[in-house]
1. If R0 is 30 Å, what FRET efficiency do you get for Glu299 and Arg178 from their C-beta distance, rounded to 0.05?
2. Provide the gained length on full extension for the span Asp257 to Ser310, in nm with one decimal, where the gain is 0.36 nm per separating residue minus the Cα-Cα distance.
3. For Lys70, list the aspartates and glutamates whose Cα falls under 13 Å from its own Cα; do not include residues on the same chain fewer than 8 positions away.
4. Whole number please: convex hull volume per residue, Cα atoms of region 218-292, in Å³.
5. Amide H of Leu190 versus every other amide H placed in the peptide plane: which residues, excluding those fewer than 5 positions away on the same chain, fall under 5 Å?
6. Across region 88-93, in residue order, what do the Karplus-derived ³J(HN,Hα) couplings come to in whole Hz, using 6.51 cos²θ - 1.76 cosθ + 1.60 with θ = phi - 60° and x for Gly and Pro?
7. For Ser245, enumerate residues with amide H under 5 Å from its amide H, sequence gap 5+ or separate chain, H modeled in the peptide plane.
8. Whole-Hz Karplus ³J(HN,Hα) for region 268-284, in order, using 6.51 cos²θ - 1.76 cosθ + 1.60 and θ = phi - 60°, x for Gly and Pro?
Amino acid sequence: MATHRSRALWSRVMRSCRLPGFRSSWPRGPLGARHLSQEKQATETHFGFETVSEEEKGGKVYHVFESVAKKYDVMNDMMSFGIHRIWKDLLLSKMHPFPGTQLLDVAGGTGDIAFRFLNYVHEQHKGKQKRQLRAQQNLSWEEIAKKYQSEEDPLGGSRVVVCDINKEMLKIGKQKARAQGHKAGKSYGLAWVLGDAEELPFDDDKFDVYTIAFGIRNVTHIDQALQEAHRVLKPGGRFLCLEFSQVNNPLISRLYDLYSFQVIPVLGEVIAGDWKSYQYLVESIRQFPSQEEFKEMIEDAGFEKVTYESLTSGIVAIHSGFKL
């Protein structure tokens, strides 16, 4: 925790030293983050249970997701027995986006959160439209039909940007979008952006909600990614993270460890032809901070009213915080 807090303190100091207007000439990240990336400090970190340099970890993680991209969704279903779908639905339920919500989904390459968001706001907007029409009881059927036909934006102004560092994951996401009838473009409420969670290619105060699902544990500098999340959110904006966490039941913990280390890598080999990538994914879960530790990291990044909810005995948790 001392390492997390010292990094957060360093970044805050660097932010306080930023010159007015500096971001206009350097639009891709905070001064402190850029300074660290230019230094290429050979600090050691973990890649699963392996100790590697920070620079090396980024390449290794990229290779993992490049390798598993085509079977990523199938493996999610197999590994979690489909429960990951419920966890993601709960994330959207907790978000409860309002009409016009601007969402940034980071590490969201295959589009699971983005598509749920689009479907959710579309249904919300349709419901609102029906309620408005019911309130106008004197309308003829021709007038009602015209109102439906003249609807310009079925999402009510809501938009989602999917940002991922991995080209293969984005490629799979775009293929899924076409298959599900989601078109990309400003008029369709969906955009795909290649970008790094530690140096997001977006202006300050741009989004209403930031989500990251099963992605933040793969980031080299988690504290830096959290600070970037805080930067791109509008005042009042919300941070939501769905991530594997620490199981709080000893018996379930033992069974979960047995399943994770003895079964998941085998599934990875059989289904995706990749034992090593799924061994890393299992190990990375064990290296991720506990619910309380991660809550403190989110607070260190500047978020307030930080809470979390453990799901399925703590196998995963949803953390929430606000930029106030």
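1. Values: r = 40 Å, r/R0 = 1.34.
Working from the Cβ atoms, E equals 0.15.
2. Working: separation 53, 0.36 × 53 = 19.08 nm, distance 1.75 nm.
Residue separation times 0.36 nm, minus the Cα-Cα distance, leaves 17.3 nm.
3. The qualifying aspartates and glutamates are Glu168, Asp274.
4. Numbers: hull volume 9.1 nm³, N = 75.
Convex hull of Cα atoms, per residue: 121 Å³.
5. Val160, Gly185
6. Each residue's phi maps through the Karplus curve to give 6, 4, 5, 4, 5, 4 Hz.
7. Answer set, sorted by chain and number: Val316, Ala317.
8. Once θ is set to phi - 60°, the couplings for region 268-284 become x, 5, 5, 8, 9, x, 8, 5, 4, 4, 7, 5, 4, 4, 5, 5, 5 Hz.
We did not get these values from a lab; they are worked out from the coordinates using the rules stated. All of these numbers come straight from a predicted model, not from anything done at the bench. Quick reminder, even Gly has a Cβ in these numbers, built from the backbone with ideal geometry, and neighbours come from all protein chains shown.
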